[in-house]
Amino acid sequence: AMVWGATLATYVVGLTYVARGESVGAPLIRWPLILLAAPAVTGLAFAVTNWPSWAPLFIAGFLLWTLRSISILRGGGEGRIGRAVGWLLAGMVTIDALAVSFRWPYLSLVLFGTAPLLIFLQKRIAAT
């Protein structure tokens, strides 16, 4: 549990650097984006020691979600940072799904399935 807590904290640090760009209008600092990969690295470490597992499926899903968030960030247009931050915040549930996939894979499917729902809800309720 401590490892996953530290992993989530690392992800939040990366997300915070992305979000900072929206409030201060500063250019995007690229190196913190690597921190967003921490859950995939932790997931791989756990998958190697807990094989077989569903973890590779959830690692791939997490990476696709995060890459989609970064593609929004790199795109042009007004509000791109806010949209990317919203996606990254919604993606935190995919980290939870990955973390519990080693013990409760079916719960992980439910958790992962809530990420698109969170994006939908952000149309009505601000993510931040």
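Quick notes on this structure:
- The single condition among (1) in contact (Cβ under 8 Å) with a residue 40 or more places away in the chain; (2) among the aliphatic types (A, V, I, L, M); (3) open to solvent by 30 Å² or more (accessible area, probe 1.4 Å) that VAL18 does not satisfy is (3).
- Meets criteria (at pLDDT 95 or above, open to solvent by 60 Å² or more (accessible area, probe 1.4 Å), out of contact with any strand residue (DSSP E or B) (no Cβ under 7 Å at 6 or more places or on another chain) and not in a loop (DSSP other than H, G, I, E, B)) for LEU89: no
Quick grid of which residues meet (1) farther than 30 Å from TYR106 by Cα; (2) open to solvent by less than 70 Å² (accessible area, probe 1.4 Å); (3) more than 12 Å from the chain's Cα centre (by Cα):
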position: PRO39; (1), (2), (3): no, yes, no
position: VAL48; (1), (2), (3): no, no, yes
position: ALA60; (1), (2), (3): no, yes, no
position: ILE72; (1), (2), (3): no, yes, yes
position: GLY75; (1), (2), (3): yes, yes, yes
position: GLU78; (1), (2), (3): yes, no, yes
position: GLY82; (1), (2), (3): yes, yes, yes
position: VAL85; (1), (2), (3): no, yes, no
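- Of all residues making up the range 18-36, the number that are part of a helix (DSSP H, G or I) and either among the charged types (D, E, K, R) or at pLDDT 90 or above (or both): 6
- Search result, residues across the range 64-86 that are in contact with a Ser or Thr (Cβ under 6 Å, 6 or more places away or on another chain) and modelled with pLDDT under 95: ALA84
- Of everything in the range 87-128 that is small (Gly, Ala, Ser) and over 13 Å from the mean Cα position of the chain (by Cα), the residue that is nearest to ALA38 (Cα to Cα) is SER101.
The values are calculated or read from the model by the stated rules, or taken from the named source; none is laboratory data. Please read these numbers as outputs of a predicted model, since none were measured by experiment. Note that each Cβ is placed from the backbone with ideal geometry, even for glycine, and that neighbours are counted across all protein chains shown. Accessible surface areas use protein heavy atoms only, side chains included; no ligands, DNA or RNA. Shrake-Rupley method; radii C 1.70, N 1.55, O 1.52, S 1.80 Å.
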